[in-house]
Structures are given as structure tokens and as C-alpha cells.
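The values are calculated or read from the model by the stated rules, or taken from the named source; none is laboratory data. What you see is a predicted model; the values in this text were computed from it and never measured. Quick reminder, even Gly has a Cβ in these numbers, built from the backbone with ideal geometry, and neighbours come from all protein chains shown. These accessible areas exclude ligands, DNA and RNA; they are computed on the full protein's heavy atoms, side chains included. Shrake-Rupley method; radii C 1.70, N 1.55, O 1.52, S 1.80 Å.
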Amino acid sequence: MNKIMDNKGFILEIIKLYQKARISKFKDIKIRRGRSHSISSDAEDLFALFLAKKVPCDAIYIDQPISIKGRKSQFYPDIVIVRNNKITAFCDLKMDLGRKRDKLTDICAAYKKLLGEIREKRCGMKDGETKELYSYTIASNVAYNIVLVSDQNINSETLQGHEKNIKKFGKDVELFILSREEHPNTYGYTPKELLKKIFV
């Protein structure tokens with residue numbers, strides 16, 4: 001998959017991941033899954049590929065623990081974007097809000113506070129394949145983006161309230177919603193049929 005994905009192409013691949021997750025990875029006529037596999041890790045990988053073709057960057061790290069000099073605890077963004085040896089953005093990819101539907105504004109406020117504490121500081125990361133250590137500076141204009149794959153699984157008025165509150169954080173913390181009106185995990189459709197029902 002080397003071609004540049006547009007937004008619809010990304011959501012189509014998410015639909016395929018959801019549908020594949022319903023099936024056991026080890027096939028036998030006797031085996032049927034009840035609950036689906038989690039697709040969050042695969043979705044993070046896919047989103048990194050989506051960004052790699054669209055965002056000016058030198059590297060994208062996925063599920064990367066970040067150690068900040070002088071800070072006791074690490075934090076774990078889903079996506080880290082690096083350009084010119086500086087971390088320019090962090091992203092949290094959420095398939096939908098689920099149990100966190102009432103806490104989204106609070107989560108964003110915590111990210112805003114975190115950015116104020118770590119701007120222009122040095123940080124370390126370790127490559128998951130090689131365990132090689134990397135050191136970067138966090139950019140002065142670093143952003144923390146919340147990327148919501150679907151606006152479903154939350155009351156629309158509640159979501160609108162979150163959107164309004166999050167706008168107060170300006171460019172520091174922004175909310176991006178990739179699909180609306182129908183969830184990419186809706187049953188009873190082929191991927192292409194379901195994509196037609198989703199507003200992207």
C-alpha cells in the first residue's frame with residue numbers, strides 16, 4: 001500500500017480492519033469469535049502511513065514512550081511526528097470515545113498543561129525494533145492532536161460541547177473527527193457499501 005490515501009481511503013481501510021477483527025486469526029471450522037480483536041494497534045500503524053504521505057516530516061513514531069529530562073514519568077502518545085530533529089506534534093488516535101465520552105475536554109486540558117511543561121525540552125525515545133536510543137528537542141510550537149475516527153458512540157450534543165470547549169485551547173490541542181453519521185464497525189455491509197453511508 002504505497003499510494004497516497006485520501007480520507008475515504010483511510011476510512012475504507014479502517015472498515016476492513018474492523019471486519020477482519022471479527023474473525024479468528026487461526027481458522028478452523030469449529031472456531032468462531034464472540035468479541036472482535038482490538039484493532040487499535042493496526043489503526044495506529046495505518047494512521048502513521050496516512051500521515052507519512054501528507055505531513056512534512058522526517059520520522060513518525062508509533063506508541064512511543066517519551067522520557068523528558070527532569071520529568072519523573074514517561075508519557076505514551078499514539079503518534080509522534082518529527083521534523084528537523086524536533087518533535088512537532090503528538091497525536092492520540094481514538095476509534096470512538098466509548099467510556100471516555102464525558103472526559104474528552106478534561107483529557108485535552110491535561111494535554112495543554114503537559115505541553116506547557118515540556119516545550120523546548122530534550123527528550124529520549126527508544127526504537128521498538130532495534131532498541132536504539134534517539135534524542136530530540138520538543139518544538140516550541142508543538143501540538144497535541146486528538147484524532148477521533150468516528151463521531152458515533154457519543155451523544156451529538158455532548159460531542160458538540162466538547163468541540164466548543166476544545167477550541168479554547170487554540171492550536172495547542174485540536175480535535176479532528178474523520179468520519180460521521182455511521183460507525184465504521186457497523187455490521188451487515190461490505191466495506192464499500194458501508195463507506196457510502198459514512199460522511200468523510
Query raised in the report: Relative contact order for the stretch 1-113: what is it in percent, counting Cα pairs under 8 Å that are at least 6 residues apart?
Result: 16 percent
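Which order do ILE4, ILE39 take by accessible area at a 1.4 Å probe, largest first?
ILE4, ILE39
Which entries in the list LYS53/LYS103; LYS54/LYS171; LYS54/LYS192; LYS8/LYS94; LYS86/LYS113 go over 28 Å, if you measure between the two C-alpha atoms of each?
LYS53/LYS103
At 1.4 Å probe size, put THR105, THR130 in order of accessible surface, largest to smallest. Working shown, then result.
Details: THR105 25, THR130 90 Å².
Result, largest first: THR130, THR105.
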Query raised in the report: Using a probe of 1.4 angstrom, how much of the accessible area of the chain is carbon and sulfur, in percent?
Result: 48 percent
Report summary line: accessible surface per residue for the stretch 1-155, probe 1.4 Å, DNA/RNA/ligands not counted, whole Å² -> 60 Å²
Report task. Using per-residue counts of other Cβ atoms within 10 Å, averaged over each peptide, order 131-137, 91-97 from highest down. Result -> 91-97, 131-137
Report summary line: Filtered hits (aspartates and glutamates, Cα-Cα < 13 Å from LYS126, offset >= 8 within chain) -> ASP63
Query raised in the report: Could you give the dipole magnitude of the stretch 1-133 about its Cα centre, charging the beta-carbon of Lys and Arg +1 and that of Asp and Glu -1, in debye to the nearest 20?
Result: 400 debye
**Report entry** Heavy-atom accessible area order for CYS57, CYS123, largest first, 1.4 Å probe
**Finding:** CYS57, CYS123
